[in-house]
Amino acid sequence: MAELSAVLASTHHPFYLKATTAPAEERLPQADEWQRKVEAYRETLTAAEPDLLVMVGADHFHQFFLDNYPTFLIGKQEKYDATFYNEEREFGLPKYLLDGDVGFSDFMHQGLMDRGFDFSFSHELKIDHSIICPIITVRPDGDLPVVPIYTNIFAPPLPSPRRFYELGRAIRKVIDDYPTKKKVAAIGTGHLSLELGGPRMFGDHGPDPEFDHNAIEWLSTGNIDAILESVTHETMAAAGNATHGFMDLILMMGIAGAEPADYVDELDLFHTREMYMTWYPNKTEQLSEAASRAALRSGASTGPVYASTAGAPA
């Protein structure tokens, strides 16, 4: 059976590459710290030695719109083209051509259908920045095959936070059942509080710092009960009009299980709080040491982070 070697959940910021490769006179004040944290976070994936990546993201109205937006979708292709022209133009994202794994996509699709998730599928899926951003940050060579899973976090009616967690649990079961000796890493990105085009966009920090601190605590402690009690479509909208991307982070917690995270880092940028989290479902001494080295480099925590300490390790 497959080994789930790592689960990574993070925010995705499309300006990371542009911000950290800009000339010195054009760099953001946080650029050096941001780059150091991301490169340390990358080590938590490298240490897990994955052979295959299951990647969770959402289409930002590039291929799907209000007239036809699948609730859940899986790609089933030999190759995946990326990125879209507006992402190249606005964010400076490079083009990628990622390998797929049709056999695993087929197995995942059938396994999720058997567990009550009626997935759409695509043989013509083009990848946008929700998946390319983590490729850039944690696997910039783009040298591993991917199985992309898209969720609807944009076009109402949306699935519930509980449904996202349940989907994560189902994905975990399918990975565990996959007949291979390969190591699989699951990587998913979303948002904490986020405002796009609204009055709280581009503030000094994310639109709802209290939500951000609580969300990081809930995820890093594995407290799914607190999430399901506190997080609704209404509370996410109150935190920022694009905060529903948090549900993809709930999904990743579902893949990991309601367990404490093994690596937690965060960074307050001028309009958003970035978060980087890793779980090792089959943690070894080697993985623990890798997480500790990365945390020492970045100032991260090798365990849960609590809202009461305002983002500092407990």
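Summary table below
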quantity	calculated
Whole-number percent relative contact order across the chain, with pairs defined as alpha carbons under 8 Å at least 6 apart	27 percent
Rounded accessible area per residue of the chain, 1.4 Å, Å²	40 Å²
Reciprocal mean inverse distance between Cα atoms of segment 201-287 - Kirkwood radius, Å	13.6 Å
Global size of segment 58-205 as Cα Rg and Dmax, reported in angstrom	15.9, 50
Mean separation of Cα contacts under 8 Å, 6 or more apart, over the residue count of segment 125-240: relative contact order %	25 percent
Residue among Leu196, Leu251, Leu269 with the largest mean-square fluctuation in a Gaussian network model of the chain, springs linking Cα atoms under 10 Å	Leu196
Set of lysines near Lys173 by C-alpha distance (under 28 Å), chain-local residues within fewer than 8 positions excluded	Lys76, Lys79, Lys126, Lys181, Lys182, Lys183, Lys283
Gained length - His123 relative to Met201, 0.36 nm times residue gap less alpha-carbon distance	24.5 nm
Candidate residues His109, His123: accessible-area rank, largest first, probe 1.4 Å	His123, His109
Most mobile of Pro209, Pro134, Pro304 in a GNM of the chain (Cα contacts under 10 Å)	Pro209
Length gained when the stretch Glu234-Glu78 is fully extended (0.36 nm per residue, less Cα-Cα span)	52.2 nm
Longest segment of the chain lacking GluC sites (Glu not before Pro) that sit in a DSSP loop with at most 13 other Cβ atoms within 10 Å	125-314
Estimated dipole of segment 106-204 in Debye, rounded to 20 [Cβ of Lys and Arg +1, of Asp and Glu -1, Cα centre]	340 debye
Surface share of carbon and sulfur [accessible, 1.4 angstrom probe, percent] for segment 182-314	50 percent
Segment 1-107 shape via C-alpha gyration tensor axes, a/c threshold 1.5	oblate
Cα-based shape type of segment 54-99, given that a ≥ b ≥ c are square roots of the gyration tensor eigenvalues and the cut on a/c is 1.5	oblate
Globularity index of segment 107-165, i.e. its alpha-carbon radius of gyration over 2.2 N^0.38 Å	1.32
Over segment 128-204: Rg over Rh, Cα atoms, Kirkwood Rh	1.03
Contact order normalised by residue count of segment 186-314, Cα under 8 Å, 6+ apart, percent	31 percent
Accessible carbon and sulfur surface of segment 1-72 relative to its total accessible area, %, 1.4 Å	51 percent
Solution diffusion estimate, µm²/s, Stokes-Einstein, segment 84-127, Kirkwood Rh from C-alpha pairs, 4 °C, viscosity 1.567 mPa s	101 µm²/s
Inter-centroid distance (Cα atoms) of segment 51-90 relative to segment 279-297, Å	31 Å
Segment Val102-Asp141, extension gain: residue separation times 0.36 nm, minus the distance between their alpha carbons	12.0 nm
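The values are calculated or read from the model by the stated rules, or taken from the named source; none is laboratory data. What you see is a predicted model, and the numbers here were worked out from it, not measured in a lab. Cβ: placed from backbone, ideal geometry, glycine included. Neighbour counts: every protein chain shown. When the accessible area is computed, the model is the full protein with side chains, heavy atoms only, and any ligands, DNA or RNA have been set aside. Shrake-Rupley method; radii C 1.70, N 1.55, O 1.52, S 1.80 Å.
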